[in-house]
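Read-outs throughout are calculated quantities, based only on the coordinates presented, and are distinct from any laboratory measurement. What you see is a predicted model; the values in this text were computed from it and never measured.
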Amino acid sequence: METLPADSIADVLRLLPLRSLAAARRVCKGWRDIIDAHALLLPYLRLLPYSLRGVFINYIAHERPHLFARPSSSSTFPKIDGLLSFLPIDGEDNWSEVLDQCNGLVLCLIDWGVYVCNPATRRWTLLPQLPGGSIGTSCAYIAFDPIVSPHYEVFVIPDVPADEEDQQQPVEEPSSVDKGNKEPDDDPCRLMEWPPSPWILKVFSSQTGLWEDRSFLREGPPAGTVQDMRSDRKLNWIHGFYAVYKNGALYVHCKGAFVASDKYQVVDMQVVNRHACLGRSKNQVYSGVFDRRHLRVWMLSESCGRMEWQLKYETDIWLNAAHVMRQVDGSWMVEEDSDFETQTEETEENIEAKSERTIET
């Protein structure tokens, strides 16, 4: 079959049942590439059940992220290395944080290098250096849907432009005389709409293996001006942001309290809070805020071209904590020490997977 065109081989492999097709994908790299390029397994993925197995958490007091998950004794699922010890890390001092996670792929920042890995298959890849330098104060997010494509994309969302004067002189507050003498043109960015239109984002595609500048045009009004974003004290407390990838759209909780999708619309958040988070459940986008002892959850309603938040849940966590603890099905735990290497035998396939430095999705 090696002399046949790739399309002809795909037509033959397409006739195989699911189990045989999955086995054929493991025969050689050539067949695997043909099956992935023609998306032969994607129709079957829609039939598979999905469940949350764990979430990677960045602890401030720890040198590296940890996996918060419910242990599974089932042999159906592969054991996950919760400490990501398979990555090329020379000690814990090089660790930075997990930037994002989407449908089984994890985006990591390690010693200023950006990595994408699959903890289940222990495959990883180092992304090319971002044009113009490192991520810096920007935020990076990964968009991946195995049902649609075996490829993923990484979006870098720039931060609000900083005030150069504040960066150089952060200690002293200028007097009223000084403020009056300051020319508005000294800071040309302060009156600029944020986010701008068009909005130029750095995007990495695993299909091309390259970074590119991608332009997004805004539909509707902006979140405000750059000066508005700088002056809002509540926004200055926000350090980490969340994203949801759903149906080809990336929803990002950016500084400025808005959600941006691939159509680039600005949607005001119901509550501007540094504890706010964004998530997905049953193919819907949700926003949750935990403030002291109160939990509130909103769902993003999208109908007739309009996007608005609807309050779905509100409760006092302290009053319900005991009841929730009794209802939890199974124990969730944080993996502190990785004994993955001692429990997993190094097969020839694992060694080949590491040497290729590619991701199996």
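Results, tabulated for the structure shown:
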{"read-out": "For Ser96, distant residues with modelled amide H under 5 Å away", "value": "Leu109, Asp111"}
{"read-out": "Contour minus Cα-Cα distance for Leu295 and Leu191 (0.36 nm per residue)", "value": "33.9 nm"}
{"read-out": "Stretch gain in nm, segment Ala39-Trp112, where the contour uses 0.36 nm per residue and the Cα spacing is subtracted", "value": "22.9 nm"}
